[in-house]
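The values are calculated or read from the model by the stated rules, or taken from the named source; none is laboratory data. Predicted, not measured: the structure shown is a model, and the values here were computed from it. Glycine gets a Cβ as well: all are built from the backbone with ideal geometry, and neighbour counts include every protein chain shown. Protein only, heavy atoms only, side chains kept; ligands, DNA and RNA dropped before computing areas. Shrake-Rupley method; radii C 1.70, N 1.55, O 1.52, S 1.80 Å.
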Amino acid sequence: MRLFTRLVATPALALLAFNALFAQRPAVTDPVPLARKREPDEPLAYTYARSPEKTEFWNDTLPDYNFRMYDPARRHTIDYGTIGLPGGAARPLLFEVTPRLGVTTGMNSFDLYILQADDLRFFRNKRSYSEAYFTQGRNNLNTQLDARFARTFGDSMNVSLDYRSLNNLGQYNYQRDRHNSLAAGVWKPVGKRYEYFLIFTKSVIRQRDNGGIVSDDVFSGDQFQGPLAAAIRLPGESASTRFEDQGFQYTHHYKLAGTEAGKRALRLSHSLGWTKNRFKFYDGDTIKGLADNAAFYGRFLVDERGVRQYFELNTVSNDFTLNTFKSGKAGAPSDLLALGLRHDYISLYQEPGRYRYNNLFLTGKISLAPSGRFSFHADAALGMLKNIGEYQLGGTLYLGLGKAGVLSASLLSQRRPPTILQQRLFVTGVPVWQTDFVKPVESTLSATYALPAVGFRATANTTLVNNYIYFDQEGIAAQTTAPLQVAQLIVQENFRVGHFHLDNTLALQKANRSDVLHLPEWFTKNSLYYSGKLFDRKLDLNIGLDFRMNSAFLPDAYQPVTGQFYLQDTLAQQPYPWVDVFVAFKVQTFRFFFRYENAWTFVDNTKVFYQTAWHPQPFGGFRLGVAWRFMDDNNLENRSNQ
């Protein structure tokens, strides 16, 4: 991995530094007319490889919540629950259904930290764009780096790079994560009819597994002893997880008709992809064996010398689509109709056996957006051959009501096979379970009303799952035939009095099956802060508090052998008032934040906060972060004009 970091992180930083230096070089003194000055924080226009007919805009340069909240698990409307440190295995605490087609591994605990080819942005701006975001905690073993670079060469070829590095040493014994992710791509139009995208991605996830702490009673004495005084449940300090996701994607489009702007286009699209997923958990060795760690594994202890789970999944995907669309205005097609065929060939090595799968689906898409006040989008996939009976249907509806607000709705319904890990598991080459589960049927319906003028938004969700699959109190895959139903209500209201803001999010959820689903029934997230401009309006300042709390619940435990969260009934988490104090500011395109996290430990350091059983969240600590954005013209003449 050191070689990977040198080959990826060093060039990424070099590109950013080069572009910054290049943007600040003195202007050439040729006698040319002055061009309009361009702002470095101008909105960025971008598109994606599978839908180049669309253009979206992004201008994230404010010192707001999205900037100061560096932890990927806390950037959602309701936080994900982790195993106690940024970058740790995570799952949503607000129940959700994830869209899935065909056979998948079921290894989703690290999805927050993985870059996928379909998520890489290609920027349409003629100016070179680079941005760096860096945060550090109490030392240089608690850092995070996000870097983006995009440049258009000549009049057509665009290069885009997205790199992320996350390194966190936890406060408890043998607790650390080190992740690196890269997505790099080239976009090249050839004439008016043809264009292609070539994308490479690689993510490496490394996690030390300490099993959590034995007890938090060590913090309840008269003298605070600190997190290192807590004994861990894997005291041998030898258990580790490594997960890799690597892929290539070649997506190309050919217009059969309608090459002129404003004309109806008929386009043939094809995407060829290869991905490799590799997971390995291991503990113990042939000399010392598992020693004191053996008691932790329970049903998964099949060999006293060690515990190991390993699989490697290679997938070759082909996606053919014939589509037609008409652009009502630049970057916003007024309608789209697409029909296609998708095939995945999957080769799995699940130690010690090899398996082959094929996914085959007919696909379709329809989109209508005749005006800015109305849009309708629907996607469908129907399984063929061995996928017969499987399907996926999704849709969104948007209706603008003018000053009365906005109404929107969404639907997701799917029938899918159990994941590979739900079907069978081998540990150290020995079968632990082999199941014959019925395919789950999952449906989610959502409706939202928003009134942007007063900062109000309310969303109601209802989810129904038949044949729900979960992991029981022993960490073993299980299925219930009784339906699982979850109802949710999320209300957001942002108040403002002068320069003072109070942003609020309240979420309620209720499930009919508390025996198979352990999640909080309510959440609250609030931010109270001052926001204003200082020093002749050249500095944007935000200073205040971030607060979060949820109801009492039985947090799931985490089994590192399988990489899955499972039910437990012995540890209960009571409401915990988590408070972060922050200050953030912006000067042009430079941003900075400073925060003290979990300030409640000043009030009471005898209690800890569990989102995952036996894996407490950190005690109070400092964090700072900085971000820069650079924009530069791609040719010498335009640079001299400025």
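Scaled against the 2.2 N^0.38 Å expected of a compact globular protein of N residues, the Cα radius of gyration of segment 314-408 reads 1.50.
Over 31 Å, how big is the tail of the calculated P(r) for the chain, in percent of all Cα pairs?
Result for the distance tail: 58 percent.
Average accessible surface for the chain: 46 Å² per residue, computed with a 1.4 Å probe over protein heavy atoms with every protein chain in place.
Among 120-126, 297-303, the peptide with the highest mean count of other Cβ atoms within 10 Å heads the list, and the full ranking is 120-126, 297-303.
In the chain, a dipole from Cβ-located charges (positive for Lys and Arg, negative for Asp and Glu) runs towards its positive end, and of Asn125, Ser271, Thr104 it is Asn125 whose Cα lies farthest in that direction. Go ahead and run the numbers for FRET between Asp536 and Lys126, Cβ-Cβ distance against an R0 of 35 Å, rounding to 0.05. Step by step, r from the Cβ atoms, then E = 0.65. From the alpha carbon centroid of segment 561-582 to that of segment 106-131 is 29 Å. Between the beta carbons of Leu506 and Val190, assuming R0 = 60 Å, the FRET efficiency works out to 0.70 to the nearest 0.05. For segment 209-283, applying the loop criterion from DSSP together with a ceiling of 14 other beta carbons within 10 Å to the chymotrypsin sites (Phe, Trp or Tyr not before Pro) yields Phe224. Note on the chain: dipole from Cβ charges, positive end direction compared against Thr363, Pro86, Ser215; the farthest Cα belongs to Thr363. Charged side chains reduced to their Cβ positions (Lys and Arg at +1, Asp and Glu at -1) give the chain a dipole of some 2140 debye around its Cα centre. Each part gets one Cα centre, and for segment 442-462 versus segment 163-239 those centres are 33 Å apart.
About the Cα centre of segment 130-289, how large is the charge dipole given +1 on each Lys and Arg Cβ and -1 on each Asp and Glu Cβ? Please answer in debye to the nearest 20. Spell out each step's value before the answer.
Details: 22 positive and 16 negative charges, 218 e Å.
About 1040 debye.
Under 16 Å from a label point set 7 Å out along the Cα-to-Cβ vector of Phe437, the amide N atoms of segment 481-525 belong to 481-485, 516-518.
Our estimate of slack between Lys280 and Leu256, defined as 0.36 nm per intervening residue step minus the Cα-Cα distance, is 4.0 nm. Our note on the geometry: Cα centres of segment 304-378 and segment 389-412, 20 Å apart. Note that segment 237-334 shows a convex hull volume over its alpha carbon atoms of 165 Å³ per residue. Calculated on C-alpha atoms, the gyration radius of segment 466-610 divided by its Kirkwood radius gives an Rg/Rh of 1.11. Nonpolar atom fraction for the chain, defined as the carbon and sulfur part of the 1.4 Å probe accessible area, stands at 59 percent.
One chain, two ends: Val316 and Lys54. Fully extended at 0.36 nm per residue, the span grows by 91.7 nm beyond their Cα-Cα distance. Projecting the Cα atoms of Asn605, Ala572, Thr259 onto the charge dipole of the chain, computed from C-beta unit charges around the Cα centre, puts Thr259 farthest toward the positive end. Here each label is just a point 7 Å from Cα along the line to Cβ, and for Asn526 and Leu399 those points are 3.4 nm apart.
Restricting the trypsin sites (Lys or Arg not before Pro) of segment 367-458 to loop positions (DSSP other than H, G, I, E, B) with no more than 16 neighbouring Cβ atoms within 10 Å leaves Arg373.
Extending 7 Å from Cα along the Cβ direction at Glu493 and again at Leu228 yields two label points whose distance is 4.7 nm. Can you classify segment 559-607 as rounded, prolate or oblate using the Cα gyration tensor, where a ≥ b ≥ c are the square roots of its eigenvalues, rounded means a/c under 1.5, and otherwise it's prolate if a/b beats b/c and oblate if not? Cα axes put segment 559-607 in the oblate bin.
How many nm separate the modelled label positions at Leu368 and Asp216, each set 7 Å beyond the Cα in the direction of the Cβ? Here the answer is 5.3 nm between the modelled labels. Mean sequence separation of contacting Cα pairs (under 8 Å, at least six apart), scaled by the length of the chain, corresponds to a relative contact order of 13 percent. Over 26 Å between Cα atoms, which of Lys126/Lys263; Lys439/Lys510; Lys54/Lys188; Lys280/Lys510; Lys126/Lys533 qualify? Long pairs (Cα-Cα over 26 Å): Lys280/Lys510; Lys126/Lys533.
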